[in-house]
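To start, the structure itself, in structure tokens.
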Amino acid sequence: MKKIFLLVFLMVLGNSFAQTEGYSTNNDSSKTYYKVFGKGEPLLIINGGPGMNSNGFESMAKTLAETQETIIYDQRGTGNSKLAELNSKTISMKIMADDIESLRKHLKIKKWNILGHSFGGMLASYYATIYPNSINKLVLSSSGGVDLTLLKTENLIERNLTKVEKDSMNYWNDKIAKGDTSHKAALGRGRAMAPAYVYDQKYVPIIAERLTQGNPKINGLLWDDMQKIKFDCKAKLKTFKNPVLIIQGKQDVISNQIGELANKAFPNSKLILLENCRHYGWLDAKEKYFTDVNSFLKS
């Protein structure tokens with residue numbers, strides 16, 4: 001069940017069009033596909049997953065691009081960032097952090113702000129330990145954490161579901177575990193689990209469809225890598241003195257404990273817990289989420 005929980009970090013779908021798009025070249029000669037919106041100070045948005053493309057970020061990127069330049073990209077092996085092989089030599093946290101740095105250099109950005117959501121917050125924190133001088137400000141949005149505490153905490157997905165929803169989730173999880181790779185099975189599980197992720201249930205259909213789009217192989221490779229390297233950014237983040245905003249829902253599937261741990265790790269950070277909000281602040285608490293994020297980035 002924990003593995004299923006780790007598989008479903010996600011972002012909501014969006015339909016806006018990029019002003020520009022292109023590819024940057026990574027250290028291993030693979031390509032990273034990106035889109036850029038708006039003008040002004042650059043903000044890189046790192047999506048959740050792991051194993052999901054950036055399609056679900058276009059709506060958020062467009063909203064934030066009203067006051068700045070925003071950049072989204074497909075993480076390696078997802079969307080248009082194709083890889084010939086998916087294995088431990090082509091997928092790791094270090095390689096993905098290096099991809100981000102290659103993208104920054106390609107775009108000729110001296111320093112940028114970064115917003116990482118869910119798993120994207122974990123990757124953003126890791127990037128900050130390797131390339132701290134490339135970052136101005138950092139936003140951790142419902143981040144999975146600065147270490148592997150997530151693996152030890154209560155499964156809050158189940159706590160947010162009714163018995164009927166839990167039974168449905170278990171039914172579809174069993175089908176998938178036995179080899180059912182159909183969209184029907186993935187959507188069935190998505191529909192059962194989606195209510196846990198949003199306080200406002202009108203967004204359930206969008207979240208359910210998004211839950212069908214992850215790449216389980218990439219997901220597994222990255223969680224294996226994080227356990228192999230004993231993912232823990234806390235010590236190195238003590239020297240990261242730039243401003244950090246940690247924002248998540250009070251009823252998030254990410255425990256508030258994880259946000260509080262990040263708040264202690266960063267010496268110049270602020271923690272905001274949104275009322276009546278789960279994993280998607282820009283859906284459940286849209287006005288406050290964007291106001292708080294924009295205010296932080298412009299302060």
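The values are calculated or read from the model by the stated rules, or taken from the named source; none is laboratory data. Model, not experiment: these values are computed from the prediction. Don't worry about glycine lacking a Cβ; one is built from the backbone with ideal geometry, like all the others, and counts go over all protein chains shown. All accessible areas refer to the heavy atoms of the entire protein, side chains included, with ligands and DNA or RNA removed. Shrake-Rupley method; radii C 1.70, N 1.55, O 1.52, S 1.80 Å.
Would you look at the GNM of the chain, springs on alpha carbons closer than 10 Å, and say which of D99, D200, D180 moves the most? Between D99, D200, D180, it is D180 that shows the largest mean-square fluctuation.
Mind running the shape call on the range 206-299? Use the C-alpha gyration tensor, a ≥ b ≥ c as the square roots of the eigenvalues: rounded below 1.5 for a/c, prolate if a/b tops b/c, oblate otherwise. Cα axes put the range 206-299 in the oblate bin.
Local charge for N80 was computed over the other residues whose Cβ lies under 15 Å away, with Lys and Arg +1 and Asp and Glu -1, and equals 0.
With a/c under 1.5 counting as rounded, go ahead and sort the range 192-239 into rounded, prolate or oblate using the C-alpha gyration tensor (a ≥ b ≥ c being the square roots of the eigenvalues; past the cut-off, prolate if a/b is larger than b/c, else oblate). Oblate, because a/c is 1.5 or more while a/b does not exceed b/c.
When the Cα gyration tensor is reduced to axis lengths a ≥ b ≥ c, the ratio a/c stays below 1.5 for the chain, which is therefore classed as rounded.
When R76, R104 are compared by accessible area at a 1.4 angstrom probe, the order from most to least is R104, R76. Of all DSSP bridge pairs formed entirely within the chain, close to 30 percent run antiparallel.
Protection proxy ranking, highest mean first, for peptides 136-147, 159-170, 207-218: 136-147, 207-218, 159-170, where packing is the per-residue count of other beta-carbon atoms within 10 Å, averaged. Simple rule: put +1 on each Lys or Arg Cβ and -1 on each Asp or Glu Cβ in the chain, find the dipole, and look at S168, N242, L148; the Cα lying farthest toward the positive end is N242. Using a simple spin-label model with pseudo-atoms 7 Å out from Cα toward Cβ, K105 and E154 lie 4.7 nm apart.
Given a 1.4 Å probe and every protein chain left where it sits, what share in percent of the accessible area of the chain is carbon and sulfur? Roughly 50 percent, rounded to a whole number.
The mean sequence distance of close C-alpha pairs (under 8 Å, at least 6 residues apart), as a share of the length of the chain, puts its relative contact order at 19 percent.
Calculate for the chain the 222 nm mean residue ellipticity that helices alone would give, adding -39,500 (n - 2.57) per DSSP H run of length 4 or more and normalising by residue count, nearest 500 deg cm²/dmol.
Details: 13 runs with 120 residues, N = 299.
That calculation yields -11500 deg cm²/dmol at 222 nm.
Under a Cβ-Cβ cut-off of 13 Å, what is the net charge of the residues other than N26 that fall near it, where Lys and Arg count +1 and Asp and Glu count -1? Local net charge: +1.
For T129, what charge total do you get from the other residues with a beta carbon under 11 Å from its beta carbon, if Lys and Arg give +1 and Asp and Glu give -1? Please list the in-between numbers first.
Values: positive: K94, K234, K236, K238; negative: D232.
For residues surrounding T129, the net value is +3.
Quick one: go through the range 59-79 and flag any residue whose amide nitrogen is under 15 Å from the point 7 Å out along the Cα-to-Cβ line of I130. What the label zone holds, given the 15 Å backbone N cut-off, is 75-77.
Think of a 1.4 Å ball rolled over the protein heavy atoms: the chain then has 43 Å² of accessible area per residue.
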